[in-house]
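Following: one structure in structure tokens, then a few remarks.
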Amino acid sequence: MYKVDGRQKNKPYPLGVTTTEFGYTYFSVVMKRGHDCGIVLYDGRTGKETKIPFSEQNKYGSIYSIAVKDLNISRYSYNFYDGERVFTDPYAKLLHGHEKWGKCEKMLRGGFIQPDYDWQGDKPLKIPYEESILYCLNVRAFTKHSSSGVRHKGTFRGLTEKIPHLKELGITAVELMPVYEFDELEFENNRRHPGISRPPLTMEEAKSRLSEKAEEKEEETPGKERYNCWGYTEGFYFAPKSAFAADKDVVKEFKDMVKELHKNRIEVIMQLYFPNSVKEGTILDVAKYWVLEYHVDGFHLKGERIPLQGLATEPLLTDTKLFHYNFPYERIYLENEIPDYRNLGNYNDDYMYTVRRFLKGDDGMVGKFLELQKKNPTHCGTVNYVTNYYGFTLADMVSYEKKHNEENGEGNRDGNDHNLTWNCGMEGASRKRSVTELRKRQIKNAVSMLFLAQGTPLIYSGDEFGNTRYGNNNPYCQDNETGWIKWKKNAFGREIFAYVRELIALRRRHPVLHNVNELKILDYTGCGYPDLSYHGEEAWRADLSNPSRFAGVMYCGCYAKKEPEEDDDFFYIAYNMHWIPHSFALPKLPKGLKWYLLADTGKPEGIAEEPEYAGTEKERQRAQVEPRTIQIYISKQEEGAEKDSRRKYVRSAF
């Protein structure tokens with residue numbers, strides 16, 4: 001039988017519940033009133049409720065703390081009371097009453113987690129930004145569709161079952177949309193409020209509602225309620241979402257998922273959304289807790305009042321990736337300070353909209369596009385993407401110019417009206433060959449830009465094989481065919497998947513395509529070539545004028561090492577987003593090297609295993625690039641030429 005130990009020194013921090021190996025369970029909570037307050041214990045076997053009151057000796061400022069000896073944590077759940085009000089611990093590490101998707105008891109209770117999980121030596125991976133390939137997903141939507149081929153659909157275990165797919169693609173990190181406990185049920189008349197913003201109950205209400213279950217509903221009830229599938233609302237931030245678990249033990253299932261992803265060299269990044277009502281201290285506690293308890297590798301911080309400086313300078317988080325759109329770097333780093341590990345990441349839509357505009361052939365985009373392709377600051381990472389969970393998918397980006405969100409029930413008023421997309425001549429699905437071929441080419445163009453940029457690429461789940469959401473650019477409430485990933489690949493999807501997989505592999509094989517430091521467009525090693533150079537119809541002369549829609553980019557291989565003693569290859573990328581063809585003069589390579597065509601987005605072959613030679617010695621080498629097409633060239637040793645691993649070249653190439 002448990003007992004309250006008045007002699008044991010109480011622990012105001014950490015807040016919530018902490019269980020020790022010595023048989024003590026510490027309860028610590030902030031009380032607003034602090035009058036006639038304490039703990040309510042619920043016996044899962046007998047249904048009996050017991051109140052444990054706090055006294056003044058348990059008070060530290062606004063915090064009340066007490067130690068309970070020999071509490072059987074597998075038998076009990078708990079809440080707190082403050083006067084006549086009963087509330088669920090906002091620091092609860094496990095919740096009871098919300099285990100099933102779309103079903104929720106009206107009175108939630110905090111639970112206790114077992115302290116003895118075996119991590120088997122697991123720890124966060126610390127994969128550098130320049131080596132990272134990010135993959136954003138919603139846990140439920142990722143595997144819920146019948147075509148997913150997993151046994152445990154829509155769960156953490158379902159995600160674990162998809163690790164072979166992620167490995168085949170070359171992913172190094174998954175970015176999870178909210179996976180902490182949130183209320184997915186929303187009522188249109190606002191009778192119900194999500195998460196901890198629910199009105200607290202009186203003691204009598206709590207007693208009557210504990211046994212009262214929410215009405216069983218597998219499907220949405222039109223006109224009454226709908227699902228908030230994404231979870232961007234205030235929630236119980238310390239508890240993993242039980243409805244995303246296949247088993248009863250969500251804590252173990254989440255940890256098993258993290259451990260298995262880590263075994264496969266895949267990091268776990270969590271999205272954390274905090275509305276303005278959440279205190280900065282709580283945000284810091286949340287981040288530190290998930291790192292210590294669940295070994296997560298990073299966070300994408302979302303909200304207007306994030307304590308960015310506090311998080312960025314917290315010693316516990318220096319090895320943890322932190323994404324945000326605007327860190328105050330001048331208040332985080334000293335002048336000229338370069339962090340030992342770049343853990344901060346700049347994450348915003350600038351790259352996405354620039355690429356989309358360049359892709360569809362807008363005026364004046366070449367210079368901005370080239371600038372963002374090389375962006376890779378020394379003090380932070382840069383996360384690039386052309387699609388994300390909000391907005392169109394990659395397939396819809398080339399198929400729709402207008403959103404089609406009528407099914408959301410908001411009169412098509414929700415979602416972004418300015419998508420900066422082009423439908424390739426026809427709105428929506430099309431069987432016209434010329435349209436589908438152009439769309440396929442535009443998808444290949446978009447991912448080529450993404451994975452050939454120096455920043456860290458992120459792809460949204462399903463985009464790798466052309467998943468569609470039928471023009472809905474805000475399917476937050478679509479727990480159905482629209483919102484779920486459809487895994488059946490047709491010929492179109494198989495070709496896209498093969499190209500994305502090969503492109504990622506190409507990037508990972510060649511460090512010159514993902515340098516540690518930002519390229520300078522200078523020859524600072526005396527090799528005769530700048531690390532990065534821009535070209536046009538004439539070599540070394542890029543056309544950056546407003547009407548220009550094409551450019552050539554060369555990466556010099558001697559600024560990166562494939563092996564300790566071997567320089568990387570040269571690469572030349574010809575970008576032609578014009579609706580007419582252009583001829584590019586290929587820059588002259590050092591003696592003994594020749595240009596070979598590696599890929600052409602207008603062709604179905606993908607990345608060539610045996611690149612095609614781009615010309616003969618006598619002819620002037622040029623690249624004839626068709627409209628809205630990208631070509632990738634790689635340098636190769638001329639047959640019979642002696643290989644020089646030192647690669648010190650003369651400036652005659654200019």
| task | Collect the residues in region 255-275 that are within 17 Å of the chain's Cα centre (by Cα) and within 12 Å of W119 (Cα to Cα), keeping them in residue-number order. | result | M257, V258, H262
| Leading residue by the ranking (nearest to L519 (Cα to Cα)) among those in region 570-589 that are among the hydroxyl-bearing types (S, T, Y) and surrounded by 22 or more Cβ atoms within 10 Å (Cβ to Cβ) | Y572
| If R439 passes every condition in (1) of a type outside the set (G, A, S); (2) buried (at least 20 other Cβ atoms within 10 Å of the Cβ); (3) assigned to a loop (DSSP other than H, G, I, E, B) but one, which one does it miss? | (3)
| field | Residue pairs meeting the criteria (Cβ under 7 Å; at least 6 apart or on separate chains; first within 17 Å of F238 (Cα to Cα), in region 17-35; second open to solvent by 20 Å² or more (accessible area, probe 1.4 Å) and of a type in the set (K, R)) | value | V17/K93; T18/K11; Y26/K11; S28/K11
| query | Restricting to region 126-160, what's the tally of residues that are more than 17 Å from the chain's Cα centre (by Cα), part of a helix (DSSP H, G or I) and crowded, with 18+ Cβ neighbours inside 10 Å? | reply | 3
| said: For region 220-241, check the following and say yes or no: at least one residue is modelled with pLDDT of 95 or more, part of a loop (DSSP other than H, G, I, E, B), farther than 21 Å from P328 by Cβ and among the hydrophobic types (A, V, I, L, M, F, W, C). | reply: yes
| request: Being charged (D, E, K, R), under 30 Å from T393 (Cβ atoms), at pLDDT below 95 and under 33 Å from the mean Cα position of the chain (by Cα) narrows it down to one of K103, K123, so name that one. | output: K103
| Counting just the residues of region 533-569 that are of a type in the set (D, E, K, R), more than 20 Å from E131 (Cβ to Cβ) and more than 31 Å from the chain's Cα centre (by Cα), which one comes out surrounded by the fewest Cβ atoms within 10 Å (Cβ to Cβ)? | E565
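Residue-by-condition table, conditions (1) open to solvent by less than 70 Å² (accessible area, probe 1.4 Å); (2) part of a helix (DSSP H, G or I); (3) closer than 17 Å to T282 by Cα:
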position: E21; (1), (2), (3): no, no, no
position: R33; (1), (2), (3): no, no, no
position: I52; (1), (2), (3): yes, no, no
position: Y64; (1), (2), (3): yes, no, yes
| Assuming Y470 fulfils every condition listed in (1) more than 27 Å from R549 (Cα to Cα); (2) in contact with a Ser or Thr (Cβ under 8 Å, 6 or more places away or on another chain); (3) open to solvent by less than 10 Å² (accessible area, probe 1.4 Å) apart from one, which condition is it? | (3)
| task | Kindly provide the set of residues from region 78-92 that are open to solvent by 20 Å² or more (accessible area, probe 1.4 Å), among the aromatic types (F, W, Y) and within 13 Å of K32 (Cβ to Cβ), ordered by number. | result | F87
| query | Quick one: is T160 among the hydroxyl-bearing types (S, T, Y), modelled with pLDDT of 95 or more and out of contact with any Lys or Arg (no Cβ under 9 Å at 6 or more places or on another chain)? | reply | yes
| task | Being touching a helix residue (DSSP H, G or I) at 6+ places or on another chain (Cβ under 7 Å) and either among the acidic types (D, E) or closer than 23 Å to G391 by Cβ (or both) is the filter here, so list the residues in region 125-147 that pass it. | result | I133, Y135, V139, R140, F142, T143
| request: Being of a type in the set (S, T, N, Q) and either at pLDDT below 95 or touching a strand residue (DSSP E or B) at 6+ places or on another chain (Cβ under 7 Å) (or both) is the filter here, so list the residues in region 289-342 that pass it. | output: T320, N326, N336
| remark: Only unsatisfied item for T382, checking (1) of a type in the set (S, T, N, Q); (2) out of contact with any Asp or Glu (no Cβ under 8 Å at 6 or more places or on another chain); (3) closer than 23 Å to Y499 by Cα, is (3)
| request: Report, by residue number, each residue of region 397-424 that is among the aliphatic types (A, V, I, L, M) and on the phi > 0 side of the Ramachandran plot. | output: L420
| query | Checking L95 against (1) touching a Ser or Thr at 6+ places or on another chain (Cβ under 6 Å); (2) within 29 Å of L71 (Cα to Cα); (3) open to solvent by less than 20 Å² (accessible area, probe 1.4 Å), which single condition isn't satisfied? | reply | (1)
| message | Where the second residue is modelled with pLDDT under 95 and the first is on the phi > 0 side of the Ramachandran plot and lies in region 524-538, which pairs have Cβ atoms under 7 Å and are six or more apart or on separate chains? | response | G528/Y649; G528/V650; G528/R651; G528/A653
| Out of curiosity, is Y555 among the hydroxyl-bearing types (S, T, Y) and either more than 30 Å from T421 (Cβ to Cβ) or in contact with a Gly (Cβ under 8 Å, 6 or more places away or on another chain) (or both)? | no
| N58 being surrounded by 20 or more Cβ atoms within 10 Å (Cβ to Cβ), among the polar types (S, T, N, Q) and more than 22 Å from W290 (Cβ to Cβ) | yes
| message | Would you confirm, using the coordinates I've provided, whether I580 is in contact (Cβ under 8 Å) with a residue 24 or more places away in the chain, over 17 Å from F451 (Cβ atoms) and within 27 Å of the chain's Cα centre (by Cα)? | response | no
| task | Search region 478-502 for residues that are open to solvent by 60 Å² or more (accessible area, probe 1.4 Å) and pair each with any residue that is among the aliphatic types (A, V, I, L, M) when their beta-carbon atoms are under 6 Å apart and the residues are at least 6 apart or on different chains. | result | R501/L169
| query | Could you list, in sequence order, the residues of region 46-87 that are among the hydrophobic types (A, V, I, L, M, F, W, C) and free of Cβ contacts under 8 Å to residues at least 24 places away in the same chain? | reply | F54
| query | Any idea which residue in region 616-631 is modelled with the lowest pLDDT, counting only those that are in contact with a Phe, Trp or Tyr (Cβ under 7 Å, 6 or more places away or on another chain) and open to solvent by less than 40 Å² (accessible area, probe 1.4 Å)? | reply | Q621
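The values are calculated or read from the model by the stated rules, or taken from the named source; none is laboratory data. Since the model is a prediction, treat every value here as computed from it, not as a measurement. With ideal geometry, Cβ positions are generated from the backbone for all residues, glycine too; neighbour counts draw on all protein chains shown. To get the accessible areas, we keep the full protein, side chains included, count just its heavy atoms, and leave off ligands, DNA and RNA. Shrake-Rupley method; radii C 1.70, N 1.55, O 1.52, S 1.80 Å.
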